[in-house]
Amino acid sequence: MNLSKPLPPPLVPGDGIGVWAPASAPRWEEVERGVEVLRRAGFMVKLAANVGTKTGYLAGSDGERLGGLSELLDSGCKALWAVRGGYGVMRLLPAIPWDVLAGWGGFLIGYSDITALHAAALERLPYATLHGPMITSLGRSAEATARVLGFLQGQVPSVLFRFSQQKVLRAGVARGFLMGGNLSLLASLVGTPFEPPWEGAVVALEDVEEPGYRLDRMLTQLALAGRWERVAAVVVGKMARCGRGEASFREAWHRRLLEVVPEGCPVVVDLPFGHVRRNLAFPLGVGVVLDTEKGVLTMEGACA
C-alpha cells in the first residue's frame, strides 16, 4: 500500500488546542500542569466538559466522551490532544464522526490507548496523526515537550530517530508508511473494521507492564493472522516495566520478535518512545525510510 499523508497545517500562537478525555480519567493537578505548558507556549486551551468526569474506569460515559469530542470540534480548535490514556477509545470508534474529523483537518495527539484512534484514522482521515505525550505528561521531559510542540508549529525533523548498531536486531533498508503504537491495542483491533492497514507498513511498537508471555501471545496472534508477513520493517520503542521479575525477558522478547517478523524485514529496538519520560513524538501515516547501516529513521516529504 502506497500510503503517505501530509501533516496538518501548523499552528501559530493564539490558535486553540482542545483537551479531550476519550479514555480514563486524569488527575486534575496533572491536567493543570499540562495546560499551563500549552498556555506558556502561546496557545488558547479549551477543556472538554468530560475532562473532570469519572465513571468507573472511564472519563464519563461513552456519550459524555463523544460529547466532549463534538464540543471541541465546534470550538474552532486546531488540535485535539488526549489528556491521558488508560482504556476506552475502542468503545467510541463506531460512533466517532469520521467525516466531520476529516473535514476539520487538525492534529490528533496522544499514544497508548489513543493507538486505537490513530489506527482507525489511517484510512479515514486525510492527514497524519501524532503519536506523542499526553497532556498529563507535558513538562516531565523538556526534550519530549519541545519536540511535540515543534511538530505542532511546523518544526518537523527530517530524521525522526537516530540509533546505534546495538539497537539493530536485523539489518536492512526499508521504505513504507509509519503505523502503530501500543502492541496490545494493535492486537485487539485485528479483524475489526478499525484495524490499520499493514501492507508496506513500518510498524512502531511499545507497551507497558506486560509479562513476557502476554507479549508473546500478541506477537503470535498477529503472526497467525498473517500481519507480520505484510510489513516493511518493525521499530520498537520502550517496553516499559514489561517482564518484571523475568531474568531473561529482554533476550526472549528479542528472540520472539525475530521469529515472527519474516527474514529480510529490518527490526530495530529500544527507540525513545512509549511509557517513559523521554517519549519523543512522531507522526503516523507519513512515508519513512529505515536505514540500519546509517542508523536513522527518516521522514520523507510530509509537510502540507
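The values are calculated or read from the model by the stated rules, or taken from the named source; none is laboratory data. Predicted model only: the values in this text are computed from it and were never measured. As a convention, Cβ positions derive from the backbone with ideal geometry for all residues, glycine included, and neighbour counts pool all protein chains shown.
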Applying the selection to segment 85-121, what residues are farther than 22 Å from Ala144 by Cβ and part of a loop (DSSP other than H, G, I, E, B)? Tyr87, Gly88, Ile96, Pro97, Gly105
Taking segment 124-139 and keeping only residues that are part of a loop (DSSP other than H, G, I, E, B) and either closer than 29 Å to Leu258 by Cβ or modelled with pLDDT of 95 or more (or both), one is left with Arg124, Leu125, Pro126, Tyr127, Ala128, Gly132, Pro133, Met134, Leu138
Only one of (1) part of a loop (DSSP other than H, G, I, E, B); (2) assigned by TED's automatic domain parsing to the domain that holds Phe107; (3) in contact (Cβ under 8 Å) with a residue 60 or more places away in the chain does not apply to Pro9, and that is (2)
Is it fair to say Arg278 is surrounded by fewer than 21 Cβ atoms within 10 Å (Cβ to Cβ) and in a helix (DSSP H, G or I)? no
Scan segment 38-84 residue by residue and report those that are closer than 26 Å to Leu149 by Cβ and assigned to a loop (DSSP other than H, G, I, E, B). Ala41, Gly42, Phe43, Ala48, Ala59, Ser75, Gly76, Cys77, Lys78, Val83, Arg84
Just for segment 70-108: of the residues that are buried (at least 20 other Cβ atoms within 10 Å of the Cβ) and touching a Pro at 6+ places or on another chain (Cβ under 7 Å), which one is farthest from Val208 (Cα to Cα)? Gly106
Go through segment 130-173 and report how many residues are crowded, with 20+ Cβ neighbours inside 10 Å and without any contact (Cβ under 8 Å) to a residue 60 or more places away in the chain. 0
Looking only at segment 107-126, decide whether some residue is among the charged types (D, E, K, R), over 15 Å from the mean Cα position of the chain (by Cα) and within 23 Å of Met299 (Cα to Cα). yes
Can you tell me which condition Gly176 does not meet? The list is (1) surrounded by 20 or more Cβ atoms within 10 Å (Cβ to Cβ); (2) under 13 Å from Val268 (Cα atoms), and all the others hold. (2)
Test: residue in segment 121-129 that is farther than 17 Å from Ser4 by Cα and either in contact (Cβ under 8 Å) with a residue 60 or more places away in the chain or exposed (fewer than 14 other Cβ atoms within 10 Å of the Cβ) (or both): no
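Yes/no matrix, rows are residues, columns are (1) more than 16 Å from the chain's Cα centre (by Cα); (2) closer than 19 Å to Gln166 by Cβ; (3) of a type in the set (A, V, I, L, M):
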{"position": "Ala233", "(1), (2), (3)": "yes, yes, yes"}
{"position": "Gly264", "(1), (2), (3)": "yes, no, no"}
{"position": "His275", "(1), (2), (3)": "no, no, no"}
{"position": "Val289", "(1), (2), (3)": "yes, no, yes"}
{"position": "Thr292", "(1), (2), (3)": "yes, yes, no"}
Output the number of the condition that Val208 fails; it satisfies all remaining conditions of (1) surrounded by fewer than 23 Cβ atoms within 10 Å (Cβ to Cβ); (2) closer than 20 Å to Cys242 by Cβ; (3) in contact with a Ser or Thr (Cβ under 7 Å, 6 or more places away or on another chain). (3)
Determine the pairs where a residue that is surrounded by 23 or more Cβ atoms within 10 Å (Cβ to Cβ), located within segment 227-243, has a partner that is at pLDDT below 95 with Cβ atoms under 9 Å apart, the partner being 6 or more residues away or on another chain. Met239/Phe249; Met239/Arg250
Close pairs from segment 34-62: first more than 17 Å from Lys78 (Cα to Cα) and in the same structural domain as Arg91 (by TED's automatic domain parsing), partner among the aromatic types (Phe, Trp, Tyr) and surrounded by fewer than 18 Cβ atoms within 10 Å (Cβ to Cβ), Cβ under 9 Å, at least 6 apart: Val51/Trp28; Gly52/Trp28; Tyr57/Tyr87; Leu58/Tyr87
